[in-house]
1. Taking the Cα centre of the chain as the origin, how large is its charge dipole in debye, to the nearest 20, when only Lys and Arg (+1) and Asp and Glu (-1) carry charge on their Cβ atoms?
2. On a straight-distance basis, which lysines could pair with LYS288 in a cross-link, Cα separation under 17 angstrom, same-chain partners fewer than 8 positions away excluded?
3. Based on the mean of other beta carbon atoms within 10 Å per residue, what is the order of 416-429, 8-21, most packed first?
4. Region 238-366: D in µm²/s via Stokes-Einstein (Kirkwood Rh, Cα pairs, 37 °C, 0.692 mPa s)?
5. Just by accessible area at a 1.4 angstrom probe, what is the order of LYS198, LYS394 from largest to smallest?
6. Under a cut-off of 16 Å between alpha-carbon atoms, report the aspartates and glutamates in cross-link reach of LYS198, not counting same-chain residues fewer than 8 places apart.
7. What ranking do 122-128, 368-374 get when scored by the average of other Cβ atoms within 10 Å per residue, highest first?
8. So what are the ³J(HN,Hα) numbers for region 391-401, from phi and the Karplus equation (6.51, -1.76, 1.60; θ = phi - 60°), rounded to whole Hz, Gly and Pro as x?
Amino acid sequence: MSDVTELVRLTAAEMAERIRRGEVSSRELVEAHLKVIEAAEPAIRAFLAVSADEALAQADAFDARRAKGDAEGLPELAGVPIAIKDMIVTKGIETTAASKILKGWIPPYDATVITRLKAAGMPLLGKTNLDEFAQGSSTEHSAFQTTHNPWDTTRVPGGSGGGSAAAVASFEAPLALGTDTGGSIRQPGALTGTVGVKPTYGAVSRFGAIAMASSLDQIGPVSRTVLDSALLQEVIGGHDRRDSTSIPMPVPPLAKAAREGARRDLTGLRVGLVKELSGEGFQPGVEKRFSEAVDLLRDMGAEVTEVSLPHLPYSLGAYYIIMPSEVSSNLARYDGMRYGLRVMPPEGVPQTAANMMAYTREAGFGDEVKRRIILGTYALSAGYYDAWYGSAQKVRTLIIRDFEAAFAQADVLVAPTSPTTAFRFGEKTDDPPAMYMNDVATIPANLAGIPAMSVPAGLSDDGLPVGFQFLAPQKRDDVMYRPAAALEAALEERNGGPIWRSMKTDWLESL
Ligand code: GLN
């Protein structure tokens, strides 16, 4: 194994430890990942833009600071590079949300999470691919390119954050950020064998996250281990006065919880199996790995019971009214007036503002985005508002109450993350309801604003990764990190190493 392949396979926490011991510099880490990106991208295509110069400059600045003894108070992950979903704005680096309507847009400011990463001395490797405006479950709705699953490049990496998940799974980046409105961090995590976290709504600032559906959107970590996600959430989390929905509360002790979990003692932890998230629609191979993982939790002392959330079957229906309604409102800002694409009407058509907007949106938005804008505009229209949007909001309240009742019986809830493993390109693209079904198990957490995370639970019979989901009460993200780290440690011991050990990584061979 070359130095590069050895280095990039470390966890982010291990990379940070080597930096602290002076064994590796931030620049060396950035250079190693840039080499992997160069080798892997022809097959994976996770990045829309690689910001090599910026990353190297940031690494050099950090290394210089460290040499002066000036890096002492920085977060543990200081110096470790990271990739960013192109749904998060980065000053001076093109940000597109994978849409033609934003092609070429260079943001004049950084999202709060980016400001915090920079302050932590973490270099930004580049911007990762996604479904246009984070709408989709396979990354096939990107206007620019298709990202391939590193486990099997004929399959999707999940979505919408397929780029971030594939980048981390293929060792192009040790860490990434995603956004999760209905599962876009967790479902790609499940399909690529990575860890993906949707924090409590309001626990991480959304300032500078391009808005999809504001009452559901949340930025969160993507990593290969539970501890790495915990450390990353500690960097990006915490109150931000620029986001009015940000919770004025310190970040809970997430890394501490993950480290405790690794000791594999869950004595007395009440784990609730969500009854409604099993059975029909769930692939047998997924259910098998899921129930084996539940057995491991039991072996570590957890008390496992089944809990029922009777309104959960209505989550998908409520989401596909509330989300498009908010999308139709949020995406109204792409009008060709202020920034992004502008398409003037052809000769002979009156050159009015309304016509310019129509031509711009026709050319700038893809089919899935148009579908949701139309659906949402309809659901919010006078005369239909109460029947659709009003009812969906009532259902949302019932789901929130179901979770409150469930968390009276259990400390954490568990369910598979995704009903299936990674599917093939084109398999669901022409069948929106089939595509939407991917998110049955992830959407409830967004509706209730609670934290949830996906951790790898091994490989299904088809040789593809399966995701195991933990859900915790609002503001108690620490509660899910502990059993997640315990399960990760137990699985590693049983399987003789992390899940990626059995992945074929041709692109690393040449390095
Ligand atoms: N796949 C879901 C959707 O298409 C979730 C998207 C997301 O979380 N951004 O809406």
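The values are calculated or read from the model by the stated rules, or taken from the named source; none is laboratory data. Computed from a predicted model, the values in this text were never measured in an experiment. Note that each Cβ is placed from the backbone with ideal geometry, even for glycine, and that neighbours are counted across all protein chains shown. With ligands, DNA and RNA removed, areas are computed over all heavy atoms of the protein, side chains included. Shrake-Rupley method; radii C 1.70, N 1.55, O 1.52, S 1.80 Å.
1. Numbers: 51 positive and 63 negative charges, 208 e Å.
The calculated dipole for the chain is roughly 1000 debye.
2. By straight Cα distance, LYS288 reaches LYS275.
3. Values: 416-429: 21.1, 8-21: 19.2.
My ranking of the peptides, most packed first, is 416-429, 8-21.
4. Values: Rh = 20.7 Å.
For these conditions, the coefficient is 159 µm²/s.
5. On the way: LYS198 0, LYS394 145 Å².
Largest to smallest exposure gives the sequence LYS394, LYS198.
6. Partners within reach: ASP180, ASP217, ASP228, GLU234, ASP439, ASP477, ASP478.
7. So the order, starting with the most tightly packed, is 122-128, 368-374.
8. Along region 391-401, the couplings run 5, 4, 5, 5, 4, 4, 4, 5, 5, 4, 5 Hz.
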